[in-house]
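Student: I am attaching a structure below and will ask some questions about it afterwards.
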Amino acid sequence: MPTVFEMIINGDIPSTKLYEDQLCLVILDINPVEKGHALVIAKKPYPVFTDCPDAELAHLMSIAKKVDLKLRSVLKCDGTNILINNDEASGQEIPHLHIHVIPRYKDDGQQFGFSKQKYEEGEIKEMGAKLCLN
Ligand code: AMP
C-alpha cells in the first residue's frame, strides 16, 4: 500500500507544490502548525531517516535551508523548527522520510509537548560513555 506521499509524488492525489527535483518534492502541509509549514519529502520511499543515503540526506537538508530562507523572507517569520519525526514511537504518521520546516513567530504560543527529565548523579557521564561515537 503506497503512502500518502508516494501518491502525491506519483500525481495520484493533489498537493500544493513549492519545489521539485529528481530527489525531492516540497509541499505545504495540509494541517500546518503555522501557515506556510512545508514538508521536504524524499522521492524514494525511505521509511526512516537512517534508510536514506548520506548524500541524499545532505541534499534534503540543503533544500530545507532554501525553504527556511523563503519562509523568513516572504512570511517574515522570526524562526523555524526543522524536524524529522523518525519512526512510529516519535510520532511519525507517514512512514516515508520527510523534513518539516515550520515557520515560527515570537510569542506565537506554539510549543512542543515534550516534558524534560533529569539525570541522576553520575548518570549523564555513563550515558555519554555509552553513546560516544568516536
Ligand atoms: P509525520 O507525523 O512527521 O509523519 O507528518 C506527516 C505530516 O503530513 C503531517 O503534518 C500531516 O499534516 C501531513 N499530511 C498528511 N497528509 C497530507 C497531504 N495529503 N498533503 C499534505 N500534507 C499532508
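The values are calculated or read from the model by the stated rules, or taken from the named source; none is laboratory data. Note that this is a predicted model, so its numbers are computed, not measured. Quick reminder, even Gly has a Cβ in these numbers, built from the backbone with ideal geometry, and neighbours come from all protein chains shown.
Student: Looking only at strands (runs of 3 or more DSSP E) that fall completely inside the stretch 37-105, which ones have 3 or more residues that are within 14 Å of the ligand (Cβ to nearest atom), at pLDDT 95 or above and closer than 18 Å to residue 4 by Cβ? Let's see the steps before the verdict.
Tutor: Details: elements: 38-42, 79-83, 98-104.
Here the list reads 38-42, 98-104.
Student: Moving on to the next point. One residue is enough: does the stretch 13-28 have a residue meeting the conditions among the hydroxyl-bearing types (Ser, Thr, Tyr), under 15 Å from residue 97 (Cβ atoms) and in a loop (DSSP other than H, G, I, E, B)? Walk me through it before giving the result.
Tutor: Of the residues in the stretch 13-28, the ones among the hydroxyl-bearing types (Ser, Thr, Tyr) are 15-16, 19.
Filter once more, keeping what is under 15 Å from residue 97 (Cβ atoms): none.
No - not one qualifying residue is present in the stretch 13-28.
Student: For the stretch 29-52, how many residues are more than 14 Å from residue 98 (Cα to Cα) and not hydrophobic (A, V, I, L, M, F, W, C)?
Tutor: Summing the residues that are more than 14 Å from residue 98 (Cα to Cα) and not hydrophobic (A, V, I, L, M, F, W, C) in the stretch 29-52 gives 5.
Student: List, please: which pairs have Cβ atoms under 7 Å, are six or more places apart or on different chains, and start with a residue in the stretch 1-29 that is farther than 14 Å from residue 95 by Cα and free of Cβ contacts under 8 Å to residues at least 60 places away in the same chain and end with one that is of a type in the set (Phe, Trp, Tyr) and surrounded by 14 or more Cβ atoms within 10 Å (Cβ to Cβ)?
Tutor: Pairs that qualify, where the first residue is farther than 14 Å from residue 95 by Cα and free of Cβ contacts under 8 Å to residues at least 60 places away in the same chain and the partner is of a type in the set (Phe, Trp, Tyr) and surrounded by 14 or more Cβ atoms within 10 Å (Cβ to Cβ), are 26/19.
Student: Out of everything in the stretch 15-32 that is near the ligand (Cβ under 8 Å from one of its atoms) and of a type outside the set (Ser, Thr, Tyr), what residue ends up being surrounded by the most Cβ atoms within 10 Å (Cβ to Cβ)?
Tutor: Only one residue fits best here, namely 27.
Student: I'd like to verify a number: residues in the stretch 2-12 that are part of a loop (DSSP other than H, G, I, E, B) and at negative phi, how many?
Tutor: Initial filter on the stretch 2-12 (part of a loop (DSSP other than H, G, I, E, B)): 2-3, 10-12.
From the residues that got through so far, the ones that are at negative phi too are 2-3, 10, 12.
Within the stretch 2-12, residues that are part of a loop (DSSP other than H, G, I, E, B) and at negative phi number 4.
Student: Of the conditions (1) of a type outside the set (A, V, I, L, M, F, W, C); (2) more than 15 Å from residue 92 (Cβ to Cβ); (3) touching a strand residue (DSSP E or B) at 6+ places or on another chain (Cβ under 6 Å), residue 56 clears all except one; give me its number.
Tutor: Evaluating residue 56 over (1) of a type outside the set (A, V, I, L, M, F, W, C); (2) more than 15 Å from residue 92 (Cβ to Cβ); (3) touching a strand residue (DSSP E or B) at 6+ places or on another chain (Cβ under 6 Å) leaves (3) as the failure.
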